[in-house]
Amino acid sequence: MKPIFNYIDRPSPIHALTGATKLCCLLLWSFAAMLTFDTRFVIALAVLSFVLLRLSMIRLSDVSFLLKLTIFFMLFNNLVLFLFSPQYGVEIYGTKHVLFGSGRFTLTQEQLFYHLNQMLKCFAMVPVVLLFVCTTQPSEFAASLNRIGVKYTVAYSVALALRYIPDIQREYHEISQAQQARGIEMSKKESLVRRLKSASAILIPLILSSMDRIEIISNAMELRGFGKNKKRSWYMARPFRAADWLSMVFCALLLAAAIILNIHNGTRFWNPFL
């Protein structure tokens, strides 16, 4: 089974950046993507995000599950938006070009264009989030959080959670294999309801093993005096280099471009229907 939310070690320029740099770039990129609905700018961000994903040597097969999950929720979100606000695009852009239908659920070009922007925003954001997760070691991520002002006990808790996600997935797979060896069928041959009932039998041993591991880790940290001092050093912390500063400046320029576009357009939405 391929781990979810796991660090993937590859010799890429993205991996060479410090965790603090990638965290700052992620925040700046996120603000830039969320700030504007200028389709031209969001398309550029989406294309650039996939270029960066390619540059990081992270294959789509490595994150295929998360991408499929993202596409599912993106389509579900657009469906819900249309059901509850089928004329929201008309309200935003101020015009109405009917494609087909009548009444409340009339499909318009403006509504489709609004949904297109929503999907583009998703494609602009998700690859960058995956980049950060897959190219940043949990310990380095904790050091990055602490470097920007987060208390080191909180930062270390986040790092432990990220480290524990692949362990939970691996334990679930091992317990599942053990249950199947005892004759419990969990393959696609069975119906979905039967498979869900069989999967529920895995939860109790998974929870018990997780509680045991949490107790072991908490006792070990307490014995070593974790949290006694106000500050701590980080083994994975690295100093900034030229590539780090250039990356942060580039992402800051993207955020500035989003702000300038909003001012130029007079609104967050670029209107091609005028």
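The values are calculated or read from the model by the stated rules, or taken from the named source; none is laboratory data. Here the structure is a predicted model, which means the values were calculated and not measured. So basically every Cβ, Gly included, is an ideal-geometry build from the backbone, and we count neighbours across all protein chains shown. Quick note on the areas: whole protein, heavy atoms, side chains included, nothing else; ligands and nucleic acids left out. Shrake-Rupley method; radii C 1.70, N 1.55, O 1.52, S 1.80 Å.
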Restricting the stretch 94-115 to residues that are touching a residue at least 24 places away in the same chain (Cβ under 8 Å) and either assigned to a loop (DSSP other than H, G, I, E, B) or within 12 Å of ASN271 (Cβ to Cβ) (or both), the residue that is nearest to the chain's Cα centre (by Cα): TYR114
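Just to verify a result, which residue in the stretch 61-93, among those that are outside any helix (DSSP H, G or I) and of a type in the set (S, T, N, Q), is surrounded by the most Cβ atoms within 10 Å (Cβ to Cβ)? Break it down stepwise before answering.
Here is the first cut: in the stretch 61-93, the residues outside any helix (DSSP H, G or I) are 85-87.
So of that shortlist, the ones also of a type in the set (S, T, N, Q) come out as 85, 87.
On the way: SER85: 13, GLN87: 15.
Only one residue tops the list, namely GLN87.
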Condition broken by SER139, with the remaining ones in (1) open to solvent by 20 Å² or more (accessible area, probe 1.4 Å); (2) under 22 Å from LEU52 (Cα atoms); (3) among the hydroxyl-bearing types (Ser, Thr, Tyr) satisfied: (2)
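Kindly indicate whether GLU110 is among the charged types (D, E, K, R) and open to solvent by less than 10 Å² (accessible area, probe 1.4 Å).
Numbers: among the charged types (D, E, K, R): yes; open to solvent by less than 10 Å² (accessible area, probe 1.4 Å): yes.
So GLU110 passes the test.
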Hey, ASN262 touching a residue at least 24 places away in the same chain (Cβ under 8 Å), touching a Lys or Arg at 6+ places or on another chain (Cβ under 6 Å), open to solvent by less than 60 Å² (accessible area, probe 1.4 Å) and on the phi < 0 side of the Ramachandran plot or not: yes
Options TYR156, TYR152; residue that is open to solvent by 30 Å² or more (accessible area, probe 1.4 Å), out of contact with any Pro (no Cβ under 9 Å at 6 or more places or on another chain), aromatic (Phe, Trp, Tyr) and modelled with pLDDT of 75 or more: TYR156
Residue within the stretch 221-235 that is within 30 Å of HIS97 (Cβ to Cβ), of a type outside the set (S, T, N, Q), in contact (Cβ under 8 Å) with a residue 12 or more places away in the chain and surrounded by 14 or more Cβ atoms within 10 Å (Cβ to Cβ) present: no
Yes/no for LEU120 being in a helix (DSSP H, G or I) and over 20 Å from SER12 (Cα atoms): yes
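Among the listed residues LEU255, LEU261, LEU246, LEU274, which satisfies the condition of being modelled with pLDDT of 75 or more and in a loop (DSSP other than H, G, I, E, B)? Working first, answer last.
Working: LEU255 fails: in a loop (DSSP other than H, G, I, E, B); LEU261 fails: in a loop (DSSP other than H, G, I, E, B); LEU246 fails: in a loop (DSSP other than H, G, I, E, B).
Every option except LEU274 fails the conditions.
Looking only at helices (runs of 4 or more DSSP H) that lie completely in the stretch 1-60, which have at least 3 residues being out of contact with any Lys or Arg (no Cβ under 6 Å at 6 or more places or on another chain) and either loosely packed, with under 14 Cβ neighbours inside 10 Å or modelled with pLDDT of 90 or more (or both)? Before you say what the answer is, go through the steps one by one.
Values: elements: 13-16, 19-35, 39-55.
By residue number, 19-35, 39-55.
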